[in-house]
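The values are calculated or read from the model by the stated rules, or taken from the named source; none is laboratory data. What you see is a predicted model, and the numbers here were worked out from it, not measured in a lab. All Cβ positions, even for glycine, are placed from backbone atoms using ideal geometry, and neighbour counts span all protein chains on display.
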């Protein structure tokens, strides 16, 4: 990925507390955790770190609680090469996400409890008039996506949990971006089903194509006519931390697609990035170019 792009990631900065548990406890039940790790997180934060590791310039637009300084999060972001100019640090609680990683029907799943904290005050007025190659909205309220007018070649949106909280508003917001990223559960939350017809029904307005992430099953790209590209995912038998894999995917896809204009190759690169991420503990432990290329070489054949 030689052409250096500029990305503006808009979203959250979080303190992520991850517990690996055998199952979700029932009321009054005490389940013993098998492992614990604490890390910097937030979908936009992860995206910004990911594109920086891929050799591109990343600005993070966020509203962060003052604890980010004591926790060393701003230093970590700077060390990762992320531009901190548009991070507003306020005297409010830091956003916190408690993540439970557990097995469900043989598959590793996540359950999350979120304290929004300072993230809740993120507004469209905080978005700078900055010329970028990509503006990526990550887990932000759809209203911000609709009202924002940044200067970018490409706009992308991964609504994350907003798909469940405000599905109708998210559906409208998708019409204001070029590329949208959803997983299968988010697609079902917005359209009430998970099918080719439901995916293609979201294409409208400015939206060129929708990427549906399917975890270890790979990913599918849709336009208004149906499936335009599909890849199988690498099989990772013992993932360490699935949190942040979708953010790594988004970043790798945008970097690859804007560089090559090849949606199939971009899907392969993104799937490899997501797989490389789950081999690393920590929500923001994004994969390097070498780690992604290792997955490509080990798991992918030309599809």
Among the candidates 64, 48, which residue alone is closer than 18 Å to residue 248 by Cα, touching a helix residue (DSSP H, G or I) at 6+ places or on another chain (Cβ under 8 Å) and either modelled with pLDDT of 95 or more or part of a loop (DSSP other than H, G, I, E, B) (or both)?
-> 48
For the stretch 34-43, state whether one or more residues are within 21 Å of residue 274 (Cα to Cα) and touching a helix residue (DSSP H, G or I) at 6+ places or on another chain (Cβ under 7 Å).
-> yes
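Quick one: is residue 245 in contact with a helix residue (DSSP H, G or I) (Cβ under 6 Å, 6 or more places away or on another chain) and in contact (Cβ under 8 Å) with a residue 60 or more places away in the chain?
So residue 245 does not fit the description; no.
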Of all residues making up the stretch 145-166, the number that are in contact (Cβ under 8 Å) with a residue 24 or more places away in the chain and more than 17 Å from the chain's Cα centre (by Cα) = 6
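Yes or no, residue by residue, for (1) within 17 Å of the chain's Cα centre (by Cα); (2) part of a helix (DSSP H, G or I):
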{"position": "181", "(1), (2)": "yes, no"}
{"position": "189", "(1), (2)": "no, yes"}
{"position": "194", "(1), (2)": "no, no"}
{"position": "197", "(1), (2)": "no, yes"}
{"position": "202", "(1), (2)": "no, no"}
{"position": "206", "(1), (2)": "no, no"}
{"position": "216", "(1), (2)": "yes, yes"}
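Kindly indicate whether residue 223 is closer than 20 Å to residue 58 by Cβ and either crowded, with 24+ Cβ neighbours inside 10 Å or free of Cβ contacts under 8 Å to residues at least 60 places away in the same chain (or both).
no
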Within the stretch 25-44, track down each residue that is under 29 Å from residue 289 (Cα atoms) and out of contact with any strand residue (DSSP E or B) (no Cβ under 6 Å at 6 or more places or on another chain).
-> 40
Among the strands (runs of 3 or more DSSP E) contained in the stretch 87-144, which hold 1 or more residues that are touching a residue at least 12 places away in the same chain (Cβ under 8 Å) and closer than 27 Å to residue 19 by Cα?
-> 95-104, 107-115, 131-138
If you go through the stretch 69-92 one residue at a time, do you hit one that is within 30 Å of residue 147 (Cβ to Cβ), surrounded by fewer than 24 Cβ atoms within 10 Å (Cβ to Cβ), touching a strand residue (DSSP E or B) at 6+ places or on another chain (Cβ under 7 Å) and modelled with pLDDT under 95?
-> yes
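Could you tell me whether the stretch 246-263 includes any residue that is assigned to a loop (DSSP other than H, G, I, E, B), over 19 Å from residue 163 (Cβ atoms) and over 18 Å from the mean Cα position of the chain (by Cα)?
Yes, the conditions are met somewhere in the stretch 246-263.
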